[in-house]
Amino acid sequence: VSTQSTWGLFPRKMARHTKKLGVTGKYGTRYGASLRKVAKKIEISQRAKYTCVFCGKDAMKRTCIGIWKCKACRKVIAGGAWSVSTTAATTVRSTIRRLRELVSA
C-alpha cells in the first residue's frame, strides 16, 4: 500500500488516537492539565451507563442535564447533572426512610 495520496503531493497519514486524553482530547492543549483532568472525570461519568433502579439492567443513560432514561424499561427519572444519583439525594432518601421508621415504630 502506497503512502502517497492520489495526487502524489501529500503523504497520507492515519488519524492517531489519544492515549491519556480520552474524551478531553478535543480540547487539545487549551485550558490546562488540571482543568482537563476534572472535565475528563465529569464527562466519563455523564456518558456512562448506570443501573436502573426499576428493572436492574445497566441501561440508564443521560438524555440531557438531570434527565435519565432507561432503554430497557423506558422509565425516565430526574437525577444529577453528571450521575443518576447525587450525594445530597442519597442523604435525603436515607433521612426520609429513618423518619418513616420513627413514625411507624
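Name the pairs whose Cβ atoms lie under 8 Å apart, with the first residue in the range 28-55 and free of Cβ contacts under 8 Å to residues at least 12 places away in the same chain, the second surrounded by 12 or more Cβ atoms within 10 Å (Cβ to Cβ) and among the basic types (Lys, Arg), and 6 or more positions between them or separate chains?
THR51/LYS57
Please specify each residue of the range 12-21 satisfying the condition of being open to solvent by less than 100 Å² (accessible area, probe 1.4 Å) and either out of contact with any helix residue (DSSP H, G or I) (no Cβ under 6 Å at 6 or more places or on another chain) or at pLDDT 95 or above (or both).
Matches in the range 12-21: ALA15, LEU21.
Name the residues in the range 46-86 that are in contact with a Phe, Trp or Tyr (Cβ under 8 Å, 6 or more places away or on another chain), among the small types (Gly, Ala, Ser) and within 22 Å of THR24 (Cα to Cα), would you?
SER83
Check THR29 against each of (1) within 21 Å of ARG93 (Cβ to Cβ); (2) part of a loop (DSSP other than H, G, I, E, B); (3) of a type in the set (Ser, Thr, Tyr) and name the one condition it does not meet.
The one condition THR29 does not meet is (1).
Please enumerate the residues belonging to the range 55-105 that are out of contact with any Lys or Arg (no Cβ under 8 Å at 6 or more places or on another chain), small (Gly, Ala, Ser) and farther than 26 Å from VAL38 by Cβ.
Listed by number, the residues that qualify are GLY56, SER94, SER104, ALA105.
Restricting to the range 44-76, what's the tally of residues that are charged (D, E, K, R), loosely packed, with under 15 Cβ neighbours inside 10 Å and either within 14 Å of the chain's Cα centre (by Cα) or in a strand (DSSP E or B) (or both)?
So the answer is 3.
The values are calculated or read from the model by the stated rules, or taken from the named source; none is laboratory data. Just so you know, these numbers come straight off a predicted model, no measurement behind them. Quick reminder, even Gly has a Cβ in these numbers, built from the backbone with ideal geometry, and neighbours come from all protein chains shown. Surface areas here come from the heavy atoms of the whole protein model, side chains and all, with no ligands, DNA or RNA. Shrake-Rupley method; radii C 1.70, N 1.55, O 1.52, S 1.80 Å.
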